[in-house]
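**Student:** Dumping the structure here so I can ask a few things about it.
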Amino acid sequence: MNHLHMTHEEALKAAPAEEPGRQQFFMERCRQLIDEKKMRDETYRGTFHIETFGCQMNARDSEKLTGILEASGFTETDTEEADFVLYNTCTVRDNANQRVYGRLGYLNRIKQKNPNMMIALCGCMMQEETVVAKIKKSYRFVDIIFGTHNIFKLAELISERMDEKKMVVDIWKGTDRIVEELPTDRKYPFKSGVNIMFGCNNFCSYCIVPYVRGRERSRNPQDIVGEIRRLVADGVVEVMLLGQNVNSYGKNLEEPMTFAQLLKEVEAIDGLQRIRFMTSHPKDLSDDLIEAMKNSGKICHHLHLPLQSGSSRVLKAMNRRYTKEQYLELVEKIRAAVPDISLTTDIIVGFPGETEEDFLETMDVVRKVRFDSAFTFIYSKRTGTPAAAMEEQIPEAVVKDRFDRLLSEVQKISAEVCGRDAHTVKDVLVEDLDDHVEGFVTGRLDNNTTVHFKGDASLIGQIVDVYLDESKGFYYMGTLK
């Protein structure tokens, strides 16, 4: 079917109403528009580049966006000097927003040399009304703006922009829709993220995510299992199940199902060798999940369990809904069931009202739990969250001092803990050629620690036995058995 000479209104009428057929119509239309543009203009190559900011949810979204762009006739390139550049943005901390504004100035200079260039912005930052208003006013060279709820519509938005020749803005406040079976392009052929749910209902007082990602929506288990089966048939040996809080998976399904039950279904998939998941909220981590991890031959012995603060008083102000004591009890329970578990965490320093005593409570938890690693953050005031309006914002110098002390402790413990498997043989999933030493490859243990050892590209994607010769603190040097 020839879509070329339709107006945008005619295309909207001709497109199927239901998904994914509607987007397949617009992907085909984009292919025709791009082919015609290449014939008319020899400088136009139809290249695209995606820059991803933020978390693994965004990284998975970017794989989906890449799949849509490739199905729409674009070709990927590794430079921002492309005909279509998309920034998939993050807004967890304010400096993430500032980075995007800075990069937009750079893109504008490139666009002035290439009038065919289109610039698109999507992701969490675009769900903030003040951000969209600022871009419409001060960055008028941006072509397409969309958010987190409608990434599946990218081809339709590009089609509209090519027709209308003006900025296209399509932001949804929220959604209960999950569109299945759209193309995706994985970064690694042997491992993949798989969304099991979207959004968040927790409303931690410092966090913007529920406002930009919307309410919690779980995918149907049969859709998840079907996607993983297809991935395994295509060579995937490891999946990462993704959600803002995987432990509350399934609560809003017509037939409710727990995360532990979902894990058992995923475990039964032949050919799948490793299962990871994140993020786990401590308040929802069930005994059934611990039991599933204990009895599984596929679930990796790595758990990311955000602490955020070791002070029960601060945790209450953060609306985390657990205490210091409950967190430590949970860690004991997990370690009793899975003694070799690797525990990683997130910690915020300088939350409004945090005293030196509160901070020392955090240090106490760090020393008691002995995390394999911890992502430490200085509290970032996010407009629109309850914490931003709290009094007793902590002076910068005090926060910086606490942050440095925490980081020093975390790194000291991590260097000691991460070497516990030295002089043993472990399974390693080989991920890439080592970018520092020629003739070496890089892989990961099931507990997520990196290993470097002699090998070549033929090993990539395989799980192999490696003797861990020496711990270097945060990684191992090994020898292929």
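**Student:** Read through the list (1) touching a strand residue (DSSP E or B) at 6+ places or on another chain (Cβ under 6 Å); (2) modelled with pLDDT of 95 or more, then give the number of the only condition that Leu262 fails.
**Tutor:** (1)
**Student:** Look through the stretch 258-301, keep the residues that are in contact with a helix residue (DSSP H, G or I) (Cβ under 6 Å, 6 or more places away or on another chain), in a loop (DSSP other than H, G, I, E, B) and of a type in the set (A, V, I, L, M, F, W, C), and return whichever of them is nearest to Cys55 (Cα to Cα).
**Tutor:** Leu285
A quick yes/no check of all residues on (1) under 21 Å from Lys187 (Cα atoms); (2) crowded, with 16+ Cβ neighbours inside 10 Å:
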residue: Ala71; (1), (2): yes, yes
residue: Glu81; (1), (2): yes, no
residue: Tyr87; (1), (2): yes, yes
residue: Cys90; (1), (2): yes, yes
residue: Ala96; (1), (2): no, yes
residue: Val100; (1), (2): no, yes
residue: Lys113; (1), (2): no, no
residue: Met118; (1), (2): no, yes
residue: Met126; (1), (2): no, yes
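**Student:** Being of a type in the set (A, V, I, L, M) and closer than 20 Å to Val451 by Cβ is the filter; apply it to the stretch 401-419 and report the residue that is surrounded by the fewest Cβ atoms within 10 Å (Cβ to Cβ).
**Tutor:** Ranking the candidates gives Ala415 first.
**Student:** Name the pairs whose Cβ atoms lie under 6 Å apart, with the first residue in the stretch 21-38 and surrounded by fewer than 18 Cβ atoms within 10 Å (Cβ to Cβ), the second at pLDDT below 95 and of a type in the set (Ser, Thr, Tyr), and 6 or more positions between them or separate chains?
**Tutor:** Lys37/Tyr44; Lys38/Tyr44
**Student:** Kindly list the number of the only condition in (1) surrounded by fewer than 21 Cβ atoms within 10 Å (Cβ to Cβ); (2) not in a helix (DSSP H, G or I) that fails for Val239.
**Tutor:** (1)
**Student:** Now a separate question. What are the residues in the stretch 50-98 that are outside any helix (DSSP H, G or I), acidic (Asp, Glu) and over 27 Å from His304 (Cα atoms), if any?
**Tutor:** Correct list: Glu76, Asp78, Glu80, Glu81, Asp83.
**Student:** Is one or more of the residues making up the stretch 450-465 among the acidic types (Asp, Glu) and crowded, with 17+ Cβ neighbours inside 10 Å?
**Tutor:** No; the residues of the stretch 450-465 include none that is among the acidic types (Asp, Glu) and crowded, with 17+ Cβ neighbours inside 10 Å.
**Student:** With Glu291, Glu325 as the choices, which residue is assigned by the TED database to the domain that holds Pro395, more than 24 Å from Asn220 (Cα to Cα) and either of a type outside the set (A, V, I, L, M, F, W, C) or surrounded by fewer than 21 Cβ atoms within 10 Å (Cβ to Cβ) (or both)?
**Tutor:** Step by step, each of Glu291, Glu325 is checked, and only Glu325 is assigned by the TED database to the domain that holds Pro395, more than 24 Å from Asn220 (Cα to Cα) and either of a type outside the set (A, V, I, L, M, F, W, C) or surrounded by fewer than 21 Cβ atoms within 10 Å (Cβ to Cβ) (or both).
**Student:** Every residue in the stretch 172-217 that is out of contact with any His (no Cβ under 7 Å at 6 or more places or on another chain), within 20 Å of Gln127 (Cβ to Cβ) and of a type in the set (S, T, N, Q), please.
**Tutor:** Scanning the stretch 172-217 gives Asn195, Asn201, Ser205.
**Student:** Count, please, the residues in the stretch 31-49 that happen to be assigned to a helix (DSSP H, G or I) and either modelled with pLDDT of 95 or more or aliphatic (A, V, I, L, M) (or both).
**Tutor:** Residues meeting the conditions: 3.
**Student:** Pro306 - would you say it is under 23 Å from the mean Cα position of the chain (by Cα), in a loop (DSSP other than H, G, I, E, B) and either surrounded by 15 or more Cβ atoms within 10 Å (Cβ to Cβ) or assigned by the TED database to the domain that holds Arg217 (or both)?
**Tutor:** Spelling it out, Pro306 is indeed under 23 Å from the mean Cα position of the chain (by Cα), in a loop (DSSP other than H, G, I, E, B) and either surrounded by 15 or more Cβ atoms within 10 Å (Cβ to Cβ) or assigned by the TED database to the domain that holds Arg217 (or both).
**Student:** Just checking, which of Ala96, Ala71, Ala59 is outside the structural domain of Met278 (by the TED database), in contact (Cβ under 8 Å) with a residue 12 or more places away in the chain, farther than 24 Å from Val179 by Cα and among the aliphatic types (A, V, I, L, M)?
**Tutor:** Result: Ala96 is the single residue among Ala96, Ala71, Ala59 that is outside the structural domain of Met278 (by the TED database), in contact (Cβ under 8 Å) with a residue 12 or more places away in the chain, farther than 24 Å from Val179 by Cα and among the aliphatic types (A, V, I, L, M).
**Student:** A further question follows. Determine, yes or no, whether Ala120 is modelled with pLDDT of 95 or more and of a type in the set (Gly, Ala, Ser).
**Tutor:** Answer is yes for this residue.
**Student:** Right, another one. Search the stretch 328-378 for residues being under 22 Å from the mean Cα position of the chain (by Cα) and of a type in the set (A, V, I, L, M, F, W, C), and hand back the single one that is surrounded by the most Cβ atoms within 10 Å (Cβ to Cβ).
**Tutor:** My answer is Ile348.
**Student:** Among what's in the stretch 259-314 and is of a type in the set (Val, Ile, Thr) and touching a residue at least 40 places away in the same chain (Cβ under 8 Å), pick the residue that is nearest to Thr362 (Cα to Cα).
**Tutor:** The extreme case among them is Val314.
**Student:** Continuing with this model, one more query. Tell me which residues, restricted to the stretch 151-183, are closer than 30 Å to Leu253 by Cβ, part of a loop (DSSP other than H, G, I, E, B) and modelled with pLDDT of 90 or more.
**Tutor:** Of everything in the stretch 151-183, just one residue is closer than 30 Å to Leu253 by Cβ, part of a loop (DSSP other than H, G, I, E, B) and modelled with pLDDT of 90 or more, namely Ile171.
Yes/no matrix, rows are residues, columns are (1) at positive phi; (2) buried (at least 16 other Cβ atoms within 10 Å of the Cβ); (3) aliphatic (A, V, I, L, M):
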residue: Met162; (1), (2), (3): no, yes, yes
residue: Lys173; (1), (2), (3): no, no, no
residue: Arg186; (1), (2), (3): no, yes, no
residue: Met197; (1), (2), (3): no, yes, yes
residue: Phe203; (1), (2), (3): yes, no, no
residue: Ile228; (1), (2), (3): no, yes, yes
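The values are calculated or read from the model by the stated rules, or taken from the named source; none is laboratory data. Every value quoted in this text rests on a predicted model; they were computed, and no experiment measured them. Glycine gets a Cβ as well: all are built from the backbone with ideal geometry, and neighbour counts include every protein chain shown.
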